[in-house]
Amino acid sequence: MQYKCCVPCLLGLEAPISDELKRLGMDNVTNENVRVYFTGDEAAVAKANISLRIGERVLIEVGCFEARSFDALFEQVKALPWEAYLPKDAAFPVKGYCLNSQLMSVPDCQKIIKKAVVERLKARYRLSWFEETGPVHQIQFSVMKDRVSVCIDTSGQGLHKRGYRPAHTAAPLKETMAAAMVTLSRYRGKEDFCDPFCGSGTIPIEAALIARNMAPGLNRSFSAESWKESDKKLWLSAREEARAKEYHGDYSVFASDIDPAAIRIAEENAQRAGVADIIRFQVADATKFARKTERGIIVTNPPYGERIMEKQEAEALYRGFGKAWSETENWKLFLLSSHTEFERCFGRSADKKRKLYNGMIKCDLYMYY
């Protein structure tokens, strides 16, 4: 069966996810705001879940339509072929969100969508009650500018849940965002790589996974794998294919932080991710950063002065790091910050900036070539 699949994402990451999907060989890849679409069968769904680095999850879109009233929402959801996706015993909770639409009550939309699905399945399965004792088929909806998308989540936990980071320091960066930053830096394992504000190690770990071409979802399970209609051999084959594509070269990934406790956590996380052998962690002050190799890439996420440090402290940190970086040779820098005066404090305007969101915080990725 061919599915229309949707990969939701943080605003600003549509293009790199589109590139990822194309490299994975997906068909009909198209972008919209905060989501990327592709078409494929169950094998493609498995491959996307296991291999995507930047997308938040993989959804199968059951239907998409306009609805400006609850009656229209009910009738159009009921008209969708839910029996093709949900077996008789499936558990199918409903969740979602509404933005800039006539229908803005999320609880009411949940109830109406649930009722419409039940009514459809009653007619098809000739049942009056559904126990919902089987595997979960999470229904997700979005209502944006009166456009309704109704999907089934194949991932379960978000794709940022790689499985290597049960512990983290304050204000952690999502694994998917870290992977996006490394991807946008065009690091592929050839140059030296460094993160001087590594915290719990997310950025250097994602860089090491990219250098080795290790699929980020190899060490976790996905919701669709538990479905009775799922072909377990396809998922096994997708994992075997991903492992066969791994590289085994020599890589130079460096990571440091001024906090010894953060470094201990980062080392444990790298061990769980299977990349501890290629990342060199150390306790160090970023304002004393100095590395004069022929070439290298710094990708980092220093404190913003919003949640962790006072604004003045963050500015002093930017000034110190800016001075240290200016004395290096041939090191590119990709730095994420929400601080509106970052460039002034750092001492140099970025060659390029890209707007991104770290959770709900609006940031810029400052790029220095």
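Structure summary
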{"quantity": "Qualifying residue in region 244-263 (condition: in contact (Cβ under 8 Å) with a residue 24 or more places away in the chain, in contact with a Lys or Arg (Cβ under 9 Å, 6 or more places away or on another chain) and in a helix (DSSP H, G or I))", "calculated": "no"}
{"quantity": "Sole residue being touching a Phe, Trp or Tyr at 6+ places or on another chain (Cβ under 8 Å) and either modelled with pLDDT under 80 or not hydroxyl-bearing (Ser, Thr, Tyr) (or both), chosen from 320, 296, 305", "calculated": "296"}
{"quantity": "Region 174-209, residues that are at pLDDT 95 or above, among the acidic types (Asp, Glu) and either out of contact with any strand residue (DSSP E or B) (no Cβ under 7 Å at 6 or more places or on another chain) or assigned to a loop (DSSP other than H, G, I, E, B) (or both)", "calculated": "175, 206"}
{"quantity": "Filtered residues of region 102-131 (kept if closer than 23 Å to residue 156 by Cβ and surrounded by 16 or more Cβ atoms within 10 Å (Cβ to Cβ))", "calculated": "109, 110, 113, 117, 118, 121, 130"}
{"quantity": "Filter result for residue 99 (open to solvent by 30 Å² or more (accessible area, probe 1.4 Å) and either of a type in the set (A, V, I, L, M) or on the phi > 0 side of the Ramachandran plot (or both))", "calculated": "yes"}
{"quantity": "Residues of region 1-52 that turn out to be open to solvent by less than 10 Å² (accessible area, probe 1.4 Å) and part of a loop (DSSP other than H, G, I, E, B), as a count", "calculated": "2"}
{"quantity": "Residue 55 being open to solvent by less than 20 Å² (accessible area, probe 1.4 Å) and either closer than 22 Å to residue 214 by Cβ or aliphatic (A, V, I, L, M) (or both)", "calculated": "yes"}
{"quantity": "Any chance residue 178 is open to solvent by less than 10 Å² (accessible area, probe 1.4 Å), more than 19 Å from residue 277 (Cβ to Cβ) and of a type outside the set (S, T, N, Q)", "calculated": "yes"}
{"quantity": "Which numbered condition residue 353 fails, given (1) at pLDDT 95 or above; (2) open to solvent by 10 Å² or more (accessible area, probe 1.4 Å); (3) more than 21 Å from the chain's Cα centre (by Cα)", "calculated": "(3)"}
{"quantity": "Qualifying residue in region 152-168 (condition: on the phi < 0 side of the Ramachandran plot, assigned to a strand (DSSP E or B), surrounded by fewer than 24 Cβ atoms within 10 Å (Cβ to Cβ) and touching a Phe, Trp or Tyr at 6+ places or on another chain (Cβ under 6 Å))", "calculated": "yes"}
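Residue-wise test of (1) open to solvent by 60 Å² or more (accessible area, probe 1.4 Å); (2) closer than 16 Å to residue 209 by Cβ; (3) hydrophobic (A, V, I, L, M, F, W, C).
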{"residue": "243", "(1), (2), (3)": "yes, yes, no"}
{"residue": "249", "(1), (2), (3)": "no, yes, no"}
{"residue": "260", "(1), (2), (3)": "yes, no, no"}
{"residue": "264", "(1), (2), (3)": "yes, no, no"}
{"residue": "272", "(1), (2), (3)": "yes, yes, no"}
{"residue": "278", "(1), (2), (3)": "no, yes, yes"}
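Let's see how each residue does on (1) in contact with a Phe, Trp or Tyr (Cβ under 7 Å, 6 or more places away or on another chain); (2) under 28 Å from residue 338 (Cα atoms):
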| site | (1), (2) |
| --- | --- |
| 179 | no, yes |
| 184 | yes, yes |
| 188 | no, yes |
| 202 | no, yes |
| 205 | yes, yes |
| 237 | no, no |
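The values are calculated or read from the model by the stated rules, or taken from the named source; none is laboratory data. All of these numbers come straight from a predicted model, not from anything done at the bench. With ideal geometry, Cβ positions are generated from the backbone for all residues, glycine too; neighbour counts draw on all protein chains shown. We work out accessible area using only protein heavy atoms, side chains counted, and drop any ligands, DNA or RNA first. Shrake-Rupley method; radii C 1.70, N 1.55, O 1.52, S 1.80 Å.
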